[in-house]
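Quick notes on the structure that follows.
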Amino acid sequence: LTVAELPVSWQEQWRASGERMVVRKVAAYPIGGGRAVVSAGVAGIAYASPALLSHMHLFLGVTTGAVAAGDRADVVVTGLVEDSSWQFAPGQPVFLSAVTQGVLTQAPPTLPASVFALRIGVALSPTSLFVRPSMPMALI
């Protein structure tokens, strides 16, 4: 994918940063690739869930690959991430799934399964996502 394929408003951000922002964090337990994670303090990272109000302001990013417990995971905080298991509709927003922790979905979150909504970013292709989280919004 190229910068030209990003939404116009994001192209400026992409050019300003020069690349995506990735952090390395220890996994609190085995973490799959292409999963949304939160910062779990000294424990490391854990799967994000919109069903847990405590996760509302802890979203960190999306993992680039699977890791074992105690290993360091690369987490995309902002920018492009790809995963061959995704089947997104390009150009549509991506959210946290209330059904399975850490899983990404294009179905907007609703009560009672979710207590907050967080748009992770937008799908650029069926298997790629531009991570640019919105501010979380309480649903309760």
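If you go through the stretch 116-140 and keep only what is touching a strand residue (DSSP E or B) at 6+ places or on another chain (Cβ under 8 Å), closer than 15 Å to P93 by Cα and assigned to a loop (DSSP other than H, G, I, E, B), you end up with L118, T127, R132, P133, S134, P136.
Number of residues in the stretch 28-44 that are in contact with a strand residue (DSSP E or B) (Cβ under 6 Å, 6 or more places away or on another chain) and either part of a helix (DSSP H, G or I) or at pLDDT below 95 (or both): the value is 4.
How about the stretch 90-115: which of its residues are in contact with a Ser or Thr (Cβ under 6 Å, 6 or more places away or on another chain), assigned to a loop (DSSP other than H, G, I, E, B) and under 16 Å from M56 (Cα atoms)?
At the first step, the residues of the stretch 90-115 found to be in contact with a Ser or Thr (Cβ under 6 Å, 6 or more places away or on another chain) are 90, 95, 97-98, 101, 103, 105.
If we keep only those that are assigned to a loop (DSSP other than H, G, I, E, B) too, we end up with 90, 97-98, 101, 103.
Passing the criteria: S97, A98, Q101, V103.
Which one of Q101, Q92 is under 15 Å from the mean Cα position of the chain (by Cα), open to solvent by 50 Å² or more (accessible area, probe 1.4 Å) and over 20 Å from V38 (Cα atoms)?
Values: Q101 fails: over 20 Å from V38 (Cα atoms).
Being under 15 Å from the mean Cα position of the chain (by Cα), open to solvent by 50 Å² or more (accessible area, probe 1.4 Å) and over 20 Å from V38 (Cα atoms) holds for just one of Q101, Q92, which is Q92.
For first residues located in the stretch 113-132 and farther than 13 Å from H55 by Cβ, partners that are open to solvent by 10 Å² or more (accessible area, probe 1.4 Å) and among the hydroxyl-bearing types (S, T, Y) and lie 6+ apart or on another chain with Cβ distances below 6 Å form the pairs R119/S134; T127/S84; V131/T78; R132/T78. Which residues, counting only those in the stretch 108-131, are hydrophobic (A, V, I, L, M, F, W, C) and open to solvent by 60 Å² or more (accessible area, probe 1.4 Å)? If the condition is that a residue be hydrophobic (A, V, I, L, M, F, W, C) and open to solvent by 60 Å² or more (accessible area, probe 1.4 Å), then L111 is the only one that fits.
Taken together, the residues in the stretch 59-106 that are under 15 Å from V131 (Cα atoms) and either modelled with pLDDT under 95 or not small (G, A, S) (or both) amount to 28.
So, of the residues in the stretch 54-87 that are in a loop (DSSP other than H, G, I, E, B) and of a type in the set (G, A, S), which turns out to be most open to solvent (accessible area, probe 1.4 Å)? Among those residues, the one meeting the criterion is S84.
The values are calculated or read from the model by the stated rules, or taken from the named source; none is laboratory data. These numbers were taken from a predicted model, which means no experiment stands behind them. Cβ atoms come from the backbone with ideal geometry, glycine included; neighbour counts cover every protein chain shown. These accessible areas exclude ligands, DNA and RNA; they are computed on the full protein's heavy atoms, side chains included. Shrake-Rupley method; radii C 1.70, N 1.55, O 1.52, S 1.80 Å.
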